[in-house]
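Input: a single structure, listed below in structure tokens.
The values are calculated or read from the model by the stated rules, or taken from the named source; none is laboratory data. Computed from a prediction, not measured in an experiment: that's the story for all the values here. We place every Cβ from the backbone using ideal geometry, glycine too, and count neighbours over all the protein chains shown. With ligands, DNA and RNA removed, areas are computed over all heavy atoms of the protein, side chains included. Shrake-Rupley method; radii C 1.70, N 1.55, O 1.52, S 1.80 Å.
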Amino acid sequence: MTKIIRVLEDISVVDEAAEALAKGKLVALPTETVYGLGANALDEEAISHIFLAKGRPQDNPLIVHISHKDMLKRVVKSVPEAAEKLMDAFWPGPLTIILEKSDEIPTCVTAGLDTVAVRMPRHPVALRLIEKSGVPVAAPSANISGRPSTTRAAHVIEDLSGKVDYILDGGACQVGLESTVLDMTGAVPQILRPGGVSLEALKQILGKVTYEPALKDSREVPKSPGMKYRHYAPKGELVLVDADLGDRVQTLLADSQKAGEKVGVLCCGDRDYGADFVINCGGDAETYAQNLFDALRQMDELGATFIVAELPKDSGGIVPALKNRMLKAAGGRVMTDAEGSRTELV
Ligand code: TXA
Ligand code: MG
């Protein structure tokens, strides 16, 4: 049975779930990025239940969440100076840092790697849960593997009800996309997954930072195990379009409707292209990021079989993360302009 706890003013209602988590139970929790599916990171059996509940491939490592820097010594071998600076600048917040793992973290958490991903989330419910449980909390995004991540408690209930012990409802997630995953174990810090902390912001602290090659070129094998899987996909076929392709999109959708498709549009302006279902995800990239996963899930509920999503017009900040998730959700399908020019991946 799954117990759902709505957290309003009195945050102490999460303490019951914290106690259960410490004893091996699964607890879905809100973070500022997306909802997570949490378990005691030191308990191998609890970790195996995360993989089962999500249907997650065993070779995809989990992020370990902490509420205080004191907990780091149980998770990582050491903290290099540059990593310390990042923690001071961005924690609590949407930055996951990859460091050498401690002996105490079981290898099932890291999928056999000798590195571990660690982050301190910013959401008060997540911080209280970790603090009160007294253990580092391993948590992947709280969705069935392959589906869009969950940014509202209702999404978590849809995917994981009956499979987890607690769902903590802390409202809608503020960022809406997962954290930036940054590998600090190599000579030059490398972004393995773009997210809530931008390349520009990281450069201000570190100087040199690069995107790992597979983010720029889809023929490269990704360094982060999770980035090789098809992800975030709605049930209908999804194609990305540039907003200035207006009339061609309208024609594409009209043809699809004639062929019997139920067509949906995710837009960031006010064009509806004559679609059956239209969701305006907001004019700026931050709002689009907050709404993307919810909009993809809504398209499933509406029964859209063919969906086009307008790419954001701006660049920098959250945009590389937004485009990365959109491209993955669309399996790389992008409608190009007349010259056939390719959309920048990041
Ligand atoms: O915002 C987030 O990061 C959310 C919330 C819940 O914190 N969590 C999340 O977890 O997105 P998940 O499991 O869906 O994604 C974790 C990503 C995967 O791509 C995984 O392969 C990568 O981090 N990862 C974890 N440990 C790693 C490691 N040691 N080396 C390389 N990549 C790693
Ligand atoms: Mg995920």
Top-ranked residue of the range 87-123 - restricted to ones that are among the polar types (S, T, N, Q) and under 22 Å from Leu21 (Cα atoms), ranked as surrounded by the fewest Cβ atoms within 10 Å (Cβ to Cβ): Thr107
Test: residue in the range 186-200 that is open to solvent by 40 Å² or more (accessible area, probe 1.4 Å) and in contact with an Asp or Glu (Cβ under 6 Å, 6 or more places away or on another chain): no
Candidates Gly317, Gly283, Gly269 - the one that is open to solvent by 20 Å² or more (accessible area, probe 1.4 Å) and either among the aliphatic types (A, V, I, L, M) or in contact (Cβ under 8 Å) with a residue 60 or more places away in the chain (or both): Gly317
Residues of the range 94-117 satisfying the condition of being on the phi < 0 side of the Ramachandran plot and touching an Asp or Glu at 6+ places or on another chain (Cβ under 8 Å): Pro94, Ile98, Glu100, Lys101, Pro106, Cys108, Asp114, Thr115, Val116
Residue check, Thr151 within 16 Å of ligand 2 (Cβ to nearest atom) and under 20 Å from Ile50 (Cβ atoms): yes
Selection within the range 205-249 - without any contact (Cβ under 8 Å) to a residue 60 or more places away in the chain, open to solvent by 70 Å² or more (accessible area, probe 1.4 Å) and away from ligand 1 (no atom under 16 Å from the Cβ): Lys208, Arg219, Asp247
From Ala126, Ala154, residue being closer than 14 Å to Ser179 by Cβ and either modelled with pLDDT of 95 or more or surrounded by fewer than 22 Cβ atoms within 10 Å (Cβ to Cβ) (or both): Ala126
